[in-house]
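J.: Got a structure for you, written out below as structure tokens; questions coming shortly.
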């Protein structure tokens with residue numbers, strides 16, 4: 001009698017082992033850092049990973065009120081690493097307890113399954129980031145005063161919410177790079193996802209390092225809203241292909257946000273910072289308001305927006321062609337049906353006439369000639 005072989009667990013530290021247990025490893029490291037705060041000796045080193053660093057406190061002579069601001073530095077890499085682990089763990093939780101359960105009910109194909117998971121993860125992130133970023137803009141009133149984007153530059157001192165927002169943004173997009181390996185993304189989708197992930201990392205990190213946090217925050221919030229509408233519409237489309245109204249709203253807002261981004265970027269780099277230019281380029285003071293940096297930033301924003309519009313136009317043309325190709329066979333079917341309906345009455349009259357000739361008057365009998 002033969003015994004059934006049990007499924008062998010993958011070898012430790014192999015590719016399969018890392019992919020299967022990456023969420024558990026991330027949660028374990030997070031718990032190690034949190035437990036390090038209990039004892040006094042390791043708390044001095046573990047606090048760098050958890051708390052936001054480079055606190056700067058200002059006091060006014062007239063009042064004893066203190067104002068807390070934050071700068072950036074090399075210790076931010078440790079904080080970004082910790083919250084990247086948190087993002088990996090949350091990614092696994094959303095995937096296992098929400099998206100996988102919905103996928104089992106929908107019974108999607110492999111391609112739609114991967115796109116559904118991608119849109120589900122991004123929809124949660126965009127929703128959270130949009131609400132958080134909008135609350136910061138509402139509290140600081142950056143939208144009500146556009147001159148604050150370049151007034152009193154460099155903005156080397158950040159509030160806690162602004163710095164923590166940027167750290168979480170960078171940590172999430174760095175975690176998205178690792179998820180390309182952990183989620184076994186198909187080779188066809190890797191270049192596309194790798195492209196937009198790298199663009200997010202470059203633009204958000206550039207705004208953070210160059211002390212353009214206000215401009216980056218104002219540009220990110222409406223962009224995240226548009227992306228949220230797109231991925232939410234994509235999720236509804238996978239559940240029911242007739243639900244496509246969200247894509248029309250996304251298309252309108254997409255063009256409007258691209259114009260808003262270009263307008264604010266030209267105003268900030270071309271007019272605002274150019275008039276308030278400080279010739280003293282200083283990395284220590286965080287002053288990067290010089291002509292080459294402004295041209296580089298404006299060029300990066302314009303090229304990115306042009307590339308996004310080009311992809312958007314190609315996407316819309318592709319959908320339009322598919323719609324036209326689907327309408328052609330429908331027209332042929334309707335034309336053939338109309339032709340058949342026109343011919344059917346003639347056949348009916350012919351049949352009715354034949355029936356009358358059989359049942360009605362006797363047909364004429366030809367007389368044969370005598371031979």
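The values are calculated or read from the model by the stated rules, or taken from the named source; none is laboratory data. These numbers were taken from a predicted model, which means no experiment stands behind them. In this analysis, Cβ positions are derived from the backbone assuming ideal geometry, glycine residues included, and neighbour counts consider all displayed protein chains.
J.: Within region 77-99, is there a residue that is without any contact (Cβ under 8 Å) to a residue 24 or more places away in the chain, surrounded by fewer than 19 Cβ atoms within 10 Å (Cβ to Cβ) and not in a helix (DSSP H, G or I)?
T.: No, the conditions are met nowhere in region 77-99.
For (1) under 18 Å from the mean Cα position of the chain (by Cα); (2) assigned to a loop (DSSP other than H, G, I, E, B), each residue gets a yes or a no:
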position	(1), (2)
114	yes, no
118	yes, no
124	yes, no
147	no, no
155	no, yes
164	no, no
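J.: Would you mind telling me which numbered condition in (1) at pLDDT 90 or above; (2) not in a helix (DSSP H, G or I) residue 289 fails?
T.: (1)
Residue-wise test of (1) loosely packed, with under 14 Cβ neighbours inside 10 Å; (2) closer than 16 Å to residue 126 by Cα; (3) in contact with a helix residue (DSSP H, G or I) (Cβ under 9 Å, 6 or more places away or on another chain).
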| site | (1), (2), (3) |
| --- | --- |
| 184 | yes, no, yes |
| 203 | no, no, yes |
| 212 | no, no, yes |
| 217 | no, yes, yes |
| 240 | yes, no, no |
| 257 | no, yes, yes |
| 263 | yes, no, no |
| 276 | yes, no, no |
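J.: Report, by residue number, each residue of region 88-110 that is over 16 Å from residue 239 (Cβ atoms) and either at pLDDT below 90 or touching a strand residue (DSSP E or B) at 6+ places or on another chain (Cβ under 8 Å) (or both). So that I can check it myself, show each step before the final result.
T.: So in region 88-110, the residues over 16 Å from residue 239 (Cβ atoms) come out as 88-97, 110.
Listed by number, the list holds a single entry, 110.
J.: Inside region 39-61, can you point out the residues that are at negative phi, free of Cβ contacts under 8 Å to residues at least 40 places away in the same chain and part of a loop (DSSP other than H, G, I, E, B)?
T.: Correct list: 39, 51, 53, 60, 61.
J.: May I pose another question? For region 62-70, indicate whether the set of residues that are part of a helix (DSSP H, G or I), without any contact (Cβ under 8 Å) to a residue 60 or more places away in the chain and out of contact with any strand residue (DSSP E or B) (no Cβ under 8 Å at 6 or more places or on another chain) is non-empty.
T.: no
J.: Okay, moving on. Is it the case that region 302-318 has a residue that's closer than 19 Å to residue 213 by Cβ, part of a helix (DSSP H, G or I) and modelled with pLDDT of 90 or more?
T.: Start the filter on region 302-318 by keeping residues that are closer than 19 Å to residue 213 by Cβ, which leaves 304.
Next, from what is left, pick out any that are part of a helix (DSSP H, G or I): 304.
Now restrict to residues that are modelled with pLDDT of 90 or more: 304.
Within region 302-318, one or more residues are closer than 19 Å to residue 213 by Cβ, part of a helix (DSSP H, G or I) and modelled with pLDDT of 90 or more.
J.: Let me ask you something else. Is there a residue in region 16-33 that is in contact with a strand residue (DSSP E or B) (Cβ under 9 Å, 6 or more places away or on another chain), surrounded by 10 or more Cβ atoms within 10 Å (Cβ to Cβ) and either on the phi > 0 side of the Ramachandran plot or modelled with pLDDT under 90 (or both)?
T.: Residues of region 16-33 that are in contact with a strand residue (DSSP E or B) (Cβ under 9 Å, 6 or more places away or on another chain), as a first pass: none.
Checking region 16-33: not a single residue is in contact with a strand residue (DSSP E or B) (Cβ under 9 Å, 6 or more places away or on another chain), surrounded by 10 or more Cβ atoms within 10 Å (Cβ to Cβ) and either on the phi > 0 side of the Ramachandran plot or modelled with pLDDT under 90 (or both).
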